[in-house]
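Here the structure is laid out as structure tokens; the discussion comes afterwards.
The values are calculated or read from the model by the stated rules, or taken from the named source; none is laboratory data. Here the structure is a predicted model, which means the values were calculated and not measured. Please note: Cβ atoms are built from the backbone with ideal geometry, for glycine as well, and neighbour counts cover all protein chains shown. Only protein heavy atoms, including side chains, enter the accessible area calculation; ligands, DNA and RNA are left aside. Shrake-Rupley method; radii C 1.70, N 1.55, O 1.52, S 1.80 Å.
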Amino acid sequence: MNTGVNHLDDIEVTARSITKKEKILESKYLFPFLLVATLFPLWGFANDITNPLVKAFKDIFLISNAQSSLVQFAFYLGYGVMAIPAAIFIRKYSYKSGILLGLLLYAVGALLFIPASIYMEFSFFLAALWILTCGLALLETTANPYILSMGHPDTSTQRLNLAQAFNPIGSLTGMFIASSFILSQLEVEKFRAKEKAANPEYANLLPSEVDGKLTQALVDFSTQSPQAHQAIQAADLLTIRGPYVAIAIIVAIIFVVFLFSKLPKTITHDNPLTKKELKQTFARLFANKCYLEGVVAQAFYVGAQIMCWTFIIHYGITSVGLSAAEAQSYNMIAMGLFLTSRFICTFLLAYIRPGQLLMILAAGGFALTIGTIFIGGMTGLYCLIGVSACMSLMFPTIYGIALKGMGDDASLASAGLVMAIVGGALMPPLQGKLIDGVELISGIPSVQTSFILPLICFIAICIYGYRAHHKYHV
């Protein structure tokens, strides 16, 4: 028995395994990785071109802030409805099937903007957005774990971060198109600008008072000249539908590419998802307090993010006196800060534990939201922009904390965290109601005091960060 030689061979193999560094992306996965990575900008685009529609639809249809906030309710409700069915569908069939179905729903929802604009029905737009978002939920539930599976587990997080770098391309494109080709081109905005120019005395009023007078002038115009007002509505709805029809065509092309592309099958069907196994998985998830609290924290985070990015336009108009397009440009600055802060916070994770960093970021978001509420004006707007820096790493940090040690339960658990995006559906309408006239603090415009809702969200996130750090040791 040559035990000495065998021992030396074992040492050599061990040494090679220690020094060998796994590749983030192997050559055999390069094409499928790049193909799936093209999906990440799609939901970034949809998210950030939809946020400004809340203000646009409010003026076009002359509805309340609470009613126009139903745009976000319909949009993010799709995540709540589709996330878990999407995970089950993918587990039963394949990642490619999930992607194809997601792209199909995305394209159909976007194309439904055509009949919605023809019939000029607000509810039709809400239905179209809901269908579109069901497609987004499928794509997000599919793309993230698919990217993770394309290679060695040790490099999965790096691989996902690389794919997520494509997401801001869609977000910034959506914001740019919303600012340059929608908000600045709306006839209703041109009407408000003419009305403001015709009344120089408005310069001596508070921005919130000017906004109220311009809205009332639009209401009076719709009563006195209903046909002319209807023509404005038709023109503006045509302007809004243009980008959605364009993205539907792009999505249809991507659908065809995926349909005829050969993608690796990284899901095995050796252990099919039976009803018994599904029940046991859900039982384990409901018994995991760190996970359940993470789902709740994620819902609060998404709610805070959507409220801050949606109502920054209302804040700029009402508290500063900006136009809708000018206010949207500050939203783009907030996104730039969000992206920059994400790189900084990712670097900090090498020195600070995730739970502790989450707690610090939430505390920063809380402090800046206080400034947004009580300071107002440009300084308050800068505080609101600064909140984006604090939100930058909250979603993936909560995601990572909640899924730690999940093992085979991670796919369904991930769907639960995607489902938590429904927080973006529930909270904006509440803030819209506060903006519509609930005076929480005497002497402060309701659009400022409405940010007490994001304030509460940051408190909840801070508590989760504290518990993750001290109780769950993450």
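For the range 322-362, what D do you get in µm² per second when you plug the Kirkwood radius from alpha-carbon pairs into Stokes-Einstein at 10 °C and 1.306 mPa s? Working shown, then result.
Working: Rh = 11.8 Å.
After rounding, the answer is 135 µm²/s.
Taking Cα atoms of the chain, Rg/Rh with Kirkwood Rh, to two decimals? List each step's numbers first, then the result.
Numbers: Rg = 24.3 Å, Rh = 23.7 Å.
Rg divided by Rh gives 1.03.
In whole angstrom, note down how far apart the Cα centers of the range 99-129 and the range 354-406 are.
33 Å
Let's test the formula: R0 of 22 Å, r as the Cβ-Cβ distance of A235 and N199. What FRET efficiency results, to the nearest 0.05?
0.40
Using the Karplus curve 6.51 cos²θ - 1.76 cosθ + 1.60 with θ = phi - 60°, work out ³J(HN,Hα) for each residue of the range 295-305 in order, rounded to whole Hz, and write x for Gly and Pro.
The phi angles translate into 4, 5, 4, 5, 4, 5, 4, 4, x, 4, 4 Hz.
What fraction of the Cα pairs in the range 18-130, stated in percent, has a spacing above 26 angstrom?
Roughly 36 percent, once rounded to a whole number.
Provide K23, K55, K196 ordered by accessible surface of protein heavy atoms (probe 1.4 Å), highest first.
K23, K196, K55
How big is the gap, in Å, between the Cα center of the range 203-258 and the Cα center of the range 25-40?
The range 203-258 and the range 25-40 have Cα centres separated by 38 Å.
Any of K58/K194; K58/K213; K58/K190; K433/K471 with alpha carbons more than 26 Å apart? Name them for me.
Flagged as over cut-off: K433/K471.
Per-residue accessible area for L206 at 1.4 Å probe radius, Å² rounded to 10?
About 110 Å², rounded to the nearest 10.
Determine the equivalent ellipsoid of the range 344-474 by diagonalising the alpha-carbon gyration tensor, then write out the semi-axes as square roots of 5 times the eigenvalues, largest first, rounded to whole Å.
Semi-axes, largest first: 30, 18, 11 Å.
Of the chain, which part is the longest with no GluC sites (Glu not before Pro) in a loop (DSSP not H, G, I, E, B) and with at most 13 other C-beta atoms within 10 angstrom?
On the way: sites that count: E22, E26, E439.
Free of exposed loop sites, the longest segment is 27-438.
For the range 228-245, in order, what is each residue's ³J(HN,Hα) by Karplus, 6.51 cos²θ - 1.76 cosθ + 1.60 with θ = phi - 60°, in whole Hz (x at glycine and Pro)?
My calculation for the range 228-245 gives 5, 5, 5, 5, 5, 4, 4, 5, 6, 5, 5, 5, 5, 6, x, x, 6, 5 Hz in order.
In whole angstrom, how long is each semi-axis of the equivalent ellipsoid of the range 73-166, when you take the square root of 5 times every eigenvalue of its Cα gyration tensor and sort them from largest down?
30, 13, 11
May I ask you to derive the FRET efficiency for L206 and I63 from their Cβ-Cβ distance with R0 = 35 Å, giving the value to the nearest 0.05?
Numbers: r = 23 Å, r/R0 = 0.67.
Here the calculated transfer efficiency is 0.90.
Provide the gained length on full extension for the span T215 to L30, in nm with one decimal, where the gain is 0.36 nm per separating residue minus the Cα-Cα distance.
Additional length available on full extension: 61.3 nm.
I need the trypsin sites (Lys or Arg not before Pro) found in the range 262-357, filtered to DSSP loop residues with at most 11 other beta carbons within 10 Å of theirs.
Answer by residue number: K262, K265.
Can you work out D for the range 216-359 in µm² s⁻¹ from Stokes-Einstein, where Rh is the Kirkwood radius over C-alpha pairs, the temperature is 4 °C and the viscosity is 1.567 mPa s?
60 µm²/s
Between S222 and I459, take the C-beta separation as r, use R0 = 51 Å, and let me know the FRET efficiency to the nearest 0.05.
Here the calculated transfer efficiency is 0.80.
Take the Cα atoms of the range 409-474, find their three principal axes, and give me the spread along each one in whole Å, biggest first.
Computed over the Cα atoms, the extents are 49, 26, 10 Å.
How far, in nm, would the chain grow between I169 and I370 when pulled straight, counting 0.36 nm per residue and subtracting the alpha carbon separation?
69.3 nm
For n ≥ 4 DSSP H runs only, could you compute -39500 (n - 2.57) per run for the chain, divide by its residues and tell me the 222 nm figure to the nearest 500? Could the numbers behind the result be given before it?
Values: 25 runs with 364 residues, N = 474.
Value at 222 nm, helices only, nearest 500: -25000 deg cm²/dmol.
When all C-alpha to C-alpha distances in the range 160-265 are sorted into bins of 5 Å, what percent of pairs does each bin hold, rounded to whole numbers?
Taking every Cα pair in the range 160-265, the percentages come to 2, 9, 13, 14, 15, 12, 9, 7, 6, 5, 4, 2, 1, 0.
So how much slack lies between S123 and K471, counting 0.36 nm per residue of separation and subtracting their Cα-Cα distance, in nm?
Computed gain between S123 and K471 is 120.7 nm.
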